[in-house]
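Read through the structure below, which is laid out as structure tokens, and then see the notes.
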Amino acid sequence: MSQRCVSRAAHTAFSAMHPSVPACYLVITLVLTMAAMQPALIALSLAGGLAYGCCAHGVRETLHGLRWQLPFVALVALVNPLFSASGSTELFRIGTRAVYLESLAFGCAMGGLFVAAALWFSAGTRLCPFDKVMALAGNASPVVALMVSMTMRLIPRFVRRGRQIATAQTVNARALRASDALRDRLQLTTTLMDWGMEDSLETADAMRARGWGAARRTTYTRYRFCPSDALALTGLISAGVILGVLAWSATAQYAFYPTMSELVAWWGYAPYAAWMLMPAALHVREERRFR
Amino acid sequence: MTGDRVADRTAPPSCALSIKNLSFAYPGSDEPVLRDVSLELERGAFCLLVGDTGSGKSTLLSLIKPQIAPAGERSGSVAVHGHPVEKLDDAQSARTVGFVFQNPDNQIVCESVWHEMAFGLENLGTPPGEMRRLIAETSYFFGIDDWFRRETDTLSGGRKQLLALASTLVMQPDILLLDEPTAQLDPIAEKNFLHALFRVNRELGCTVVVATHRPHAMVDYATCAYRLAAGRLEPVEDMDELRAHPALPLASDPAPADAPTGETLTASRVWLRYGRDDDWILRGLDMVARRGRIHALVGGNGCGKSTLLSALGGALRLQRGSVRTDAAVTVLLPQDPRALFTQESAGEELMAWSGRLGYGKKEARAMLERLGLGACVARHPYDLSGGQQQLLALGKLLLAKPDLLLLDEPTKGLDQAARAEVARVLAGLRDRGATAVMATHDLDFVAQVADDVSMMFDGQLACTDTSEEFFRGNVYYRP
């Protein structure tokens with residue numbers, strides 16, 4: 001793999017499409033991942049999430065994530081038998097409680113499902129970053145989008161002001177000889193509030209000066225929805241429905257208890273795997289184009 | 001869309017702004033702020049409105065924009081292109097009269113540059129197609145296209161103010177009102193901003209009115225100037241008088257350069273950065289401040305002056321190096337004096353530390369009088385002017401009887417009178433044998449007040465000289 005795959009990539013799958021396309025893909029993927037309690041499907045989703053993670057966030061960062069993900073799977077696997085003592089293959093006993101192979105396997109699958117969902121959420125931050133979520137929200141409700149934008153603007157200012165107050169307090173507290181850390185912290189909050197309120201009066205004036213509330217708001221759209229996006233959406237949704245049926249039948253035919261059903265090679269896994277590996281494949285295709 | 005616009009750009013020059021016999025008094029006050037003010041401006045004029053803080057410049061500007069006008073007793077008329085301003089609805093007003101405020105941070109509403117540019121047009125319900133065109137055009141005019149997708153919080157002060165100007169002009173107003181637009185900017189950002197404003201005026205034909213107490217950088221661009229004093233508006237006949245740098249009355253002579261003074265503050269090989277992956281802000285910086293002198297730190301925006309002050313005050317953990325001082329009491333005046341305020345009135349503010357420092361009401365009262373704030377004792381600190389706030393914060397710190405006073409931009413946004421007062425306080429401190437270290441952009445203040453000057457560059461002090469020597473050697477960096 002080239003150096004580019006090791007570090008964080010700037011552009012990735014779906015980046016040239018309307019935000020509703022990656023959003024739709026993510027929603028379907030998360031629903032499939034979280035609803036399909038079947039080892040093969042979980043493994044496929046996990047593989048897809050890991051592959052995309054390696055492409056978008058870099059191999060090293062994705063492997064770093066495994067440092068908490070693998071112990072987490074182990075933990076769920078070990079804890080599950082303590083709560084559900086069912087199954088038929090007894091491995092050993094802790095006191096009077098039997099630990100069954102099936103129960104352990106169910107725990108493993110459960111842990112794997114959680115990790116896969118976490119990986120897809122983290123993929124979501126790259127596939128559909130905050131500004132694209134806001135663009136979608138802006139179409140639905142311009143006022144909510146503006147409020148979120150204003151709040152996001154306030155947070156760093158708040159932090160900066162807080163730091164300025166804390167710095168002055170730290171230096172001046174030494175001059176005050178008798179220091180009173182608790183009172184200083186309380187006063188920091190008061191000062192921060194007063195200061196913020198005072199500034200927001202001027203912000204309100206600036207908003208009014210620029211015609212706030214003058215008419216029904218429109219939205220500046222940076223992403224245009226074009227026919228190819230509609231086509232992609234239709235494709236994704238119909239594929240999602242088919243995969244849903246496949247995943248449902250696979251899950252219905254599989255049981256952990258009392259004995260685990262046998263996994264057999266099945267054509268239905270192929271489209272499921274293709275779906276899960278799609279972002280990674282798109283990413284690699286994008287990489288190739290610029291090589 | 002242009003139907004709501006009250007003036008047609010292609011019409012022959014006419015009276016863009018006409019104020020007739022305007023008087024205004026705040027509620028509960030007998031003393032009017034404006035008395036019988038009349039003003040006529042032609043289309044395309046660049047008008048300076050000068051006068052000290054509290055002379056009513058901001059009030060006059062805001063009366064042209066009823067959406068932000070204060071409540072009070074008003075008489076007389078204000079008309080834009082012959083239309084009385086109170087008859088314009090919110091949308092017409094936004095398309096006709098633009099307003100840019102002093103503080104770049106407070107007037108930016110949205111999180112990202114593109115959303116800020118769109119904010120006004122979204123308010124007016126502009127159709128998406130026209131909005132895209134206007135935003136594209138305006139972004140090119142101001143060279144915003146390079147940072148169109150940035151978050152507003154990551155911009156420098158100068159760019160923030162440029163964005164405030166652009167996001168007002170995207171609505172294509174005929175008249176632009178600016179209230180101290182460059183008071184919070186460093187000299188280079190100020191020149192950039194004024195240049196953009198000049199182009200708006202000359203290339204777009206937009207009528208510009210700027211209220212300012214420091215006109216010298218703007219004189220070259222202005223076509224006329226008026227002075228507001230004691231509520232009356234008088235034309236300034238000789239524009240050159242606005243170019244002057246008035247002298248600051250100092251209570252004492254500067255400390256002689258060769259006086260045998262010891263070192264009170266020594267920083268050696270200071271390395272500092274905030275986060276693990278951040279760039280170094282201080283790179284092996286060495287600095288010496290001598291006792292009983294006023295030491296100025298100058299340098300561009302974001303060169304690390306504030307960080308250095310925090311480090312000198314011991315508020316930051318250094319990665320390497322050391323800061324030593326023999327000063328028993330070190331205090332820091334933050335960039336915004338409001339960071340120090342915790343009480344409900346100016347009087348209580350000065351008493352806030354009385355228990356911990358062991359002084360009484362008498363000393364606090366005397367301090368207020370000394371700073372000329374005697375009349376403000378019962379007022380809320382936030383109701384004071386910027387200059388009064390700065391002096392109140394200084395007074396609070398002086399009551400701790402500091403040996404070392406660290407000041408971050410002590411003259412930012414202050415008018416001449418307040419700057420002179422700050423200069424007097426610093427000179428008094430020096431006479432007592434205390435030391436002041438100030439980070440500032442105000443080179444005129446440095447030239448008149450500081451004994452030693454260091455220029456900060458690339459995380460180090462590029463040079464340290466006596467004030468005279470420093471300005472004699474500099475070609476570009478001078479008041």
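How well do other chains shield peptide A:122-131, expressed as the mean number of their Cβ atoms within 10 Å of each residue Cβ? Please report the intermediate quantities before stating the final value.
On the way: counts 0, 0, 0, 0, 0, 0, 0, 0, 2, 6.
What the average comes to for A:122-131 is 1.
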Taking Cα atoms only, helix B:128-142 is inclined relative to the longest principal axis of chain B by an angle, in degrees rounded to 10, of 50
When the scattering of chain A is computed by the Debye formula from its Cα atoms alone, each counted once and equally, what is log10 I(q)/I(0) at q = 0.14 Å⁻¹?
-> -1.07
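By count of other Cβ within 10 Å, fewest leading, how are A:Ser249, A:Ser149 ordered?
Working: A:Ser249 13, A:Ser149 22.
Fewest-to-most Cβ neighbours within 10 Å comes out as A:Ser249, A:Ser149.
Among B:Tyr26, A:Tyr25, A:Tyr272, what is the fewest-to-most ranking by other Cβ atoms within 10 Å?
On the way: B:Tyr26 14, A:Tyr25 28, A:Tyr272 23.
The most exposed by this proxy come first: B:Tyr26, A:Tyr272, A:Tyr25.
Past 25 Å, Cα to Cα: identify those pairs from B:Lys20/B:Lys57; B:Lys160/B:Lys191; B:Lys20/B:Lys65; B:Lys362/B:Lys412; B:Lys362/B:Lys396; B:Lys160/B:Lys412, in the order given. Working shown, then result.
On the way: B:Lys20/B:Lys57 16 Å; B:Lys160/B:Lys191 14 Å; B:Lys20/B:Lys65 15 Å; B:Lys362/B:Lys412 30 Å; B:Lys362/B:Lys396 14 Å; B:Lys160/B:Lys412 17 Å.
From the list (B:Lys20/B:Lys57; B:Lys160/B:Lys191; B:Lys20/B:Lys65; B:Lys362/B:Lys412; B:Lys362/B:Lys396; B:Lys160/B:Lys412), the Cα-Cα distance tops 25 Å for B:Lys362/B:Lys412.
How charged is the neighbourhood of B:Arg283? Take every other residue with its Cβ under 13 Å from the Cβ of B:Arg283, and add Lys/Arg as +1 and Asp/Glu as -1. Before the final figure, lay out the partial values.
Numbers: positive: B:Arg269, B:Arg273, B:Arg320; negative: B:Asp278, B:Asp279, B:Asp286, B:Asp458.
Net local charge, B:Arg283 excluded: -1.
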Give the residue from B:Leu228, B:Cys206, B:Ile188 lying farthest towards the positive end of the charge dipole for the stretch B:117-268; charges sit on Cβ (+1 for Lys and Arg, -1 for Asp and Glu) and the dipole is referred to the Cα centre.
-> B:Cys206
In peptide B:339-345, how many Cβ atoms from other protein chains are near each Cβ within 10 Å, on average?
-> 6
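On average, how many beta carbons from a partner chain sit within 10 Å of the beta carbon of a residue in B:326-332?
Details: counts 0, 1, 3, 5, 4, 6, 7.
Averaged over the peptide's residues, the number is 4.
About the Cα centre of chain A, how large is the charge dipole given +1 on each Lys and Arg Cβ and -1 on each Asp and Glu Cβ? Please answer in debye to the nearest 20. Don't skip to the end; give the middle numbers.
Numbers: 27 positive and 15 negative charges, 209 e Å.
Value, rounded to 20: 1000 debye.
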Antiparallel as a % of all DSSP beta bridges within chain B, to the nearest 5?
-> 50
Take each of the peptides A:283-290, B:217-224, A:50-57, average the number of other beta-carbon atoms within 10 Å over its residues, and list them starting from the highest.
-> A:50-57, B:217-224, A:283-290
Sorted on mean Cβ neighbours within 10 Å (highest first), peptides B:282-295, B:165-178, B:265-278 come out as B:165-178, B:282-295, B:265-278
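Sorting B:Ser62, B:Ser354, A:Ser238 on the 10 Å Cβ count, fewest up front, what's the list? Walk me through the numbers before you get to the answer.
Numbers: B:Ser62 20, B:Ser354 15, A:Ser238 10.
By the 10 Å Cβ count, ascending, the order reads A:Ser238, B:Ser354, B:Ser62.
When a/c is below 1.5 the answer is rounded, else prolate if a/b is larger than b/c, else oblate, so apply that to the stretch A:126-251 with a ≥ b ≥ c taken from the square roots of the Cα gyration tensor eigenvalues. Don't skip to the end; give the middle numbers.
Working: a/c = 4.46, a/b = 1.94, b/c = 2.30.
It is oblate, given that a/c is not under 1.5 and a/b is not larger than b/c.
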Hydropathy first: keep DSSP H helices in chain A averaging at least 0.5 on Kyte-Doolittle, then drop any whose Cα extent along the axis falls short of 30 Å, and list what survives.
-> A:59-83, A:101-127, A:227-253
Simple Cβ-charge dipole of the stretch B:75-149, Lys/Arg +1 and Asp/Glu -1, about Cα centre, in debye nearest 20 = 220
So, with +1 on the Cβ of K and R and -1 on the Cβ of D and E, and no other charges, what is the size of the charge dipole of the stretch B:323-382 about its Cα centre, to the nearest 20 debye?
-> 120
When chain A is treated as a GNM, springs tying every alpha-carbon pair under 10 Å, which of A:Ser103, A:Ser86, A:Ser20 comes out with the largest mean-square fluctuation?
-> A:Ser86
Can you give the angle from 0 to 90° between the axis of helix B:113-123 and the longest principal axis of chain B, with both taken from C-alpha atoms, to the nearest 10?
-> 40
Mean-position separation - Cα centroids, the stretch A:65-116 and the stretch B:89-133, in angstrom | 58
Using the charge dipole of chain B (Lys, Arg: +1 at Cβ; Asp, Glu: -1 at Cβ; taken about the Cα centre), state which of B:Gln92, B:Ile108, B:Phe470 has its Cα farthest towards the positive end.
-> B:Phe470
Helix B:386-398: angle to the longest alpha-carbon principal axis of chain B, degrees 0 to 90, nearest 10?
-> 10
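To the nearest 500 deg cm²/dmol, what mean residue ellipticity at 222 nm is calculated for the protein assembly as shown from DSSP H runs of n ≥ 4 alone, each contributing -39,500 (n - 2.57), summed and divided by the residues? Could the numbers behind the result be given before it?
Numbers: 25 runs with 358 residues, N = 770.
That calculation yields -15000 deg cm²/dmol at 222 nm.
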Cross-link reach from A:Lys132 to aspartates and glutamates, straight Cα distance under 15 Å and at least 8 residues apart if same chain, gives A:Asp229, B:Glu111, B:Glu151
Share antiparallel - DSSP beta bridges, the protein assembly as shown, percent rounded to 5 = 55
For chain A, modelled as a Gaussian network with Cα springs under 10 Å, which listed residue fluctuates most, A:Ala206, A:Ala273, A:Ala13?
-> A:Ala206
Among A:Leu32, A:Leu70, A:Thr89, whose Cα lies farthest out toward the positive end of the dipole of the protein assembly as shown, if unit charges sit on the beta carbon of Lys, Arg (+1) and Asp, Glu (-1)?
-> A:Thr89
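No value in this document is a laboratory result; all are computed from the given coordinates. In this text the structure is predicted, and so the values were computed from the model without any measurement. So basically every Cβ, Gly included, is an ideal-geometry build from the backbone, and we count neighbours across all protein chains shown.
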